[in-house]
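Enquirer: Just dropping this structure here.
The values are calculated or read from the model by the stated rules, or taken from the named source; none is laboratory data. Small disclaimer: the values here were computed from a predicted structure and weren't measured. A quick note on method: Cβ atoms are made from the backbone with ideal geometry, for glycine too, and the neighbour counts reach across all protein chains shown.
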Amino acid sequence: MLIYYRELVHDLAQRFSDFAKSFDTGAPLYSRIAARVANEPAVLELMSVAPIAQRIPVLLFASAHHLLLDERDHELAQHYPNIARTPPTGDAADLFVRFVLERADAMKELLANRSTQTNEIGRCNWFLFPFAMLDAEVGPLAQVDVGSSAGLNQLFPKLAFDLTPGGLIGEDDGITITCDITGTPPVVTNRPQVIWSMGLDAKPIDVRNDTEVRWLEACVWPDQVERFDRLQRAVSLARRSNIVVEHGDAVDDVAQAIERATQHGHPVVTTSWVLNYLPAERRIAFVEELDRVGSEGDLSWIIAESPYETPDLPGHRGSDELITVITLVTWRAGQRKVQRLATTHPHGHWIHWGN
Ligand SMILES: C[S@@+](CC[C@H](N)C(=O)[O-])C[C@H]1O[C@@H](n2cnc3c(N)ncnc32)[C@H](O)[C@@H]1O
């Protein structure tokens with residue numbers, strides 16, 4: 001048992017130390033805290049309750065952030081740019097260590113039961129051009145967003161897009177997302193018509209549940225103030241918009257969801273940073289399922305995933321790119337066509353059209 005803990009602490013210390021080095025400019029607060037936590041065995045030991053795949057620095061940070069969002073007047077909170085109300089005092093790393101050790105039980109509860117979650121509305125940029133291509137080809141679209149989390153990517157019809165170059169597309173209903181474009185994508189002047197959508201997720205997040213929303217917020221890094229603020233606005237837009245996300249499995253339930261979509265418009269499946277969560281055989285089963293459905297009726301699929309993480313998806317074979325690649329797969333009269341469209345920033349800040 002003692003050897004187990006020693007190894008655990010040693011491995012985790014290395015992960016926190018690597019995190020500190022990797023993110024000293026991108027996430028200065030977490031980088032400073034990670035450097036300190038790497039030398040705090042009592043904090044590292046808290047993480048022994050987490051599932052092995054989740055023993056990662058961001059789970060510890062998200063758990064502490066989750067508690068802190070409920071204690072906004074705490075001295076530590078004043079070091080978090082997204083929640084600070086007064087100028088910070090004291091050392092953030094000292095305060096963090098004390099904060100999590102004093103709340104060891106609550107921390108363990110979160111560490112044991114939660115996993116890191118992202119639902120990034122900036123990713124709607126990924127769908128703009130392929131949706132426009134499809135709208136021009138087949139008319140109004142019905143989206144099935146697989147792995148939709150809280151359903152924020154289904155807010156596409158409510159967003160305005162500010163492209164550089166390209167200008168503004170769509171009317172702003174509270175959220176405009178920006179995107180820097182390089183290469184030569186199709187010209188888009190109007191927001192493509194997505195007239196119906198549903199989400200499917202193995203562990204959907206209910207935007208009406210404050211605790212679940214708080215976990216989503218807690219997973220955003222506190223230095224990313226704008227992203228945090230936009231997430232809060234996206235959640236409130238989702239609450240007003242009757243977004244539907246159903247509990248279901250990517251492979252087992254996608255065909256039925258497509259059948260429902262077909263009653264409203266041309267069915268388009270979207271998957272963004274989801275299929276990397278499936279084991280290879282389930283990912284292959286997902287592709288086979290879409291091939292089966294596509295052989296029976298016209299269908300489109302927008303893939304926004306990393307080829308390195310999902311080598312068995314159409315268009316990904318032979319590539320070991322870590323970056324997000326946007327690929328359009330269409331089935332028309334039973335014929336499948338795969339088009340690699342673009343590479344992109346993981347949260348949609350930029351898109352490079354072409355190979
Ligand atoms: C990183 S989130 C991505 C959310 C969203 N697509 C986005 O781009 O912001 C991955 C989501 O996939 C879901 N997921 C994982 N495995 C799944 C499965 N087999 N079937 C359906 N959803 C799954 C998770 O519950 C999680 O909500």
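Enquirer: Out of S63, S17, I need the residue that is among the polar types (S, T, N, Q) and closer than 22 Å to L231 by Cβ. Which one? Give the steps one after another, and end with the answer.
Expert: Values: S17 fails: closer than 22 Å to L231 by Cβ.
It is S63.
Enquirer: Let me ask something else about it. Out of S236, S197, I need the residue that is over 19 Å from P346 (Cα atoms), surrounded by fewer than 17 Cβ atoms within 10 Å (Cβ to Cβ) and more than 17 Å from the chain's Cα centre (by Cα). Which one? First the steps, then the outcome.
Expert: On the way: S197 fails: surrounded by fewer than 17 Cβ atoms within 10 Å (Cβ to Cβ).
Result of the check over S236, S197: S236.
Enquirer: Taking R292 and the conditions (1) within 15 Å of the ligand (Cβ to nearest atom); (2) surrounded by fewer than 19 Cβ atoms within 10 Å (Cβ to Cβ), which numbered condition does it fall short on, given that it satisfies the others?
Expert: Every condition holds for R292 apart from (1).
Enquirer: How many residues, within segment 108-127, are acidic (D, E) and touching a residue at least 24 places away in the same chain (Cβ under 8 Å)?
Expert: We begin by selecting, within segment 108-127, every residue acidic (D, E); these are 109, 120.
Retained after the next criterion (residues that are touching a residue at least 24 places away in the same chain (Cβ under 8 Å)): 120.
Matching residues across segment 108-127 total 1.
Enquirer: To continue, here is another question. Would you say I284 is surrounded by 23 or more Cβ atoms within 10 Å (Cβ to Cβ), under 23 Å from the mean Cα position of the chain (by Cα) and free of Cβ contacts under 8 Å to residues at least 60 places away in the same chain?
Expert: Working: surrounded by 23 or more Cβ atoms within 10 Å (Cβ to Cβ): no; under 23 Å from the mean Cα position of the chain (by Cα): yes; free of Cβ contacts under 8 Å to residues at least 60 places away in the same chain: yes.
No; evaluated as a whole, the condition is false for this residue.
Enquirer: Something else: With respect to V49, is the statement that it is within 24 Å of E217 (Cβ to Cβ), surrounded by fewer than 18 Cβ atoms within 10 Å (Cβ to Cβ) and at pLDDT 95 or above true?
Expert: Working: within 24 Å of E217 (Cβ to Cβ): yes; surrounded by fewer than 18 Cβ atoms within 10 Å (Cβ to Cβ): yes; at pLDDT 95 or above: yes.
Taking the combined requirement at face value, the residue satisfies it.
Enquirer: Give all pairs with beta carbons closer than 8 Å in which a residue from segment 24-52 that is closer than 21 Å to L110 by Cα meets a residue that is of a type in the set (S, T, N, Q); count only pairs at least 6 apart in sequence or on separate chains.
Expert: From residues that are closer than 21 Å to L110 by Cα, the pairs are A34/S17; A38/Q14; A38/S17; P51/S115.
Matching residues to (1) outside any helix (DSSP H, G or I); (2) within 16 Å of the ligand (Cβ to nearest atom); (3) surrounded by fewer than 20 Cβ atoms within 10 Å (Cβ to Cβ):
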| site | (1), (2), (3) |
| --- | --- |
| K108 | no, no, yes |
| G122 | no, yes, no |
| N125 | no, yes, no |
| F129 | no, no, no |
| Q154 | no, yes, no |
| D172 | yes, no, yes |
| I177 | yes, yes, no |
| T184 | yes, no, yes |
| V187 | yes, no, yes |
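Enquirer: For segment 164-197, name all the residues that are touching a residue at least 24 places away in the same chain (Cβ under 8 Å) and either of a type in the set (D, E, K, R) or more than 28 Å from N355 (Cβ to Cβ) (or both).
Expert: Listed by number, the residues that qualify are D173, G174, I175, D180, R191, Q193, I195, W196, S197.
Enquirer: All but one of (1) within 16 Å of the ligand (Cβ to nearest atom); (2) free of Cβ contacts under 8 Å to residues at least 12 places away in the same chain hold for S272; which doesn't?
Expert: Condition not satisfied by S272: (2).
Enquirer: For segment 219-315, please list each of the helices (runs of 4 or more DSSP H) lying entirely inside it that holds at least 2 residues being farther than 30 Å from Y80 by Cα and at pLDDT 95 or above. Show your work before the answer.
Expert: Details: elements: 225-240, 250-262, 280-296.
By residue number, 250-262, 280-296.
Enquirer: Yes or no: D172 at pLDDT 95 or above, of a type in the set (D, E, K, R) and touching a strand residue (DSSP E or B) at 6+ places or on another chain (Cβ under 6 Å)? I'd like the intermediate steps shown before the answer.
Expert: Numbers: at pLDDT 95 or above: no; of a type in the set (D, E, K, R): yes; touching a strand residue (DSSP E or B) at 6+ places or on another chain (Cβ under 6 Å): yes.
Answer is no for this residue.
Conditions tested, residue by residue: (1) more than 20 Å from V146 (Cα to Cα); (2) within 15 Å of the ligand (Cβ to nearest atom); (3) basic (K, R).
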site: E288; (1), (2), (3): no, yes, no
site: G297; (1), (2), (3): no, no, no
site: I303; (1), (2), (3): no, yes, no
site: T310; (1), (2), (3): no, yes, no
site: G315; (1), (2), (3): no, no, no
site: V325; (1), (2), (3): no, yes, no
site: P346; (1), (2), (3): no, yes, no
site: H349; (1), (2), (3): yes, yes, no
site: N355; (1), (2), (3): yes, no, no
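Let's see how each residue does on (1) β-branched (V, I, T); (2) surrounded by fewer than 14 Cβ atoms within 10 Å (Cβ to Cβ); (3) assigned by TED's automatic domain parsing to the domain that holds I258:
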| position | (1), (2), (3) |
| --- | --- |
| E296 | no, yes, yes |
| I303 | yes, no, yes |
| Y308 | no, no, yes |
| L313 | no, no, yes |
| H316 | no, no, yes |
| D320 | no, yes, yes |
| V325 | yes, no, yes |
| R336 | no, no, yes |
| H345 | no, no, yes |
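Enquirer: Within 15 Å of the ligand (Cβ to nearest atom), surrounded by 15 or more Cβ atoms within 10 Å (Cβ to Cβ) and at negative phi, is that true of A160? Write out each step before concluding.
Expert: Working: within 15 Å of the ligand (Cβ to nearest atom): no; surrounded by 15 or more Cβ atoms within 10 Å (Cβ to Cβ): yes; at negative phi: yes.
No, not satisfied.
Enquirer: Now for a different question. All but one of (1) of a type outside the set (G, A, S); (2) closer than 26 Å to A64 by Cα; (3) touching a residue at least 60 places away in the same chain (Cβ under 8 Å) hold for P130, so report the exception by its number.
Expert: Here P130 meets the rest and fails (2).
Enquirer: Out of L68, L12, L59, I need the residue that is farther than 22 Å from E217 by Cα, surrounded by 19 or more Cβ atoms within 10 Å (Cβ to Cβ) and of a type in the set (A, V, I, L, M, F, W, C). Which one?
Expert: Numbers: L68 fails: farther than 22 Å from E217 by Cα; L59 fails: farther than 22 Å from E217 by Cα.
From the options L68, L12, L59, the qualifying one is L12.
Enquirer: Condition (residue is at positive phi and without any contact (Cβ under 8 Å) to a residue 24 or more places away in the chain) applied to segment 250-267: is it met by at least one residue?
Expert: No, there is no match, as no residue in segment 250-267 is at positive phi and without any contact (Cβ under 8 Å) to a residue 24 or more places away in the chain.
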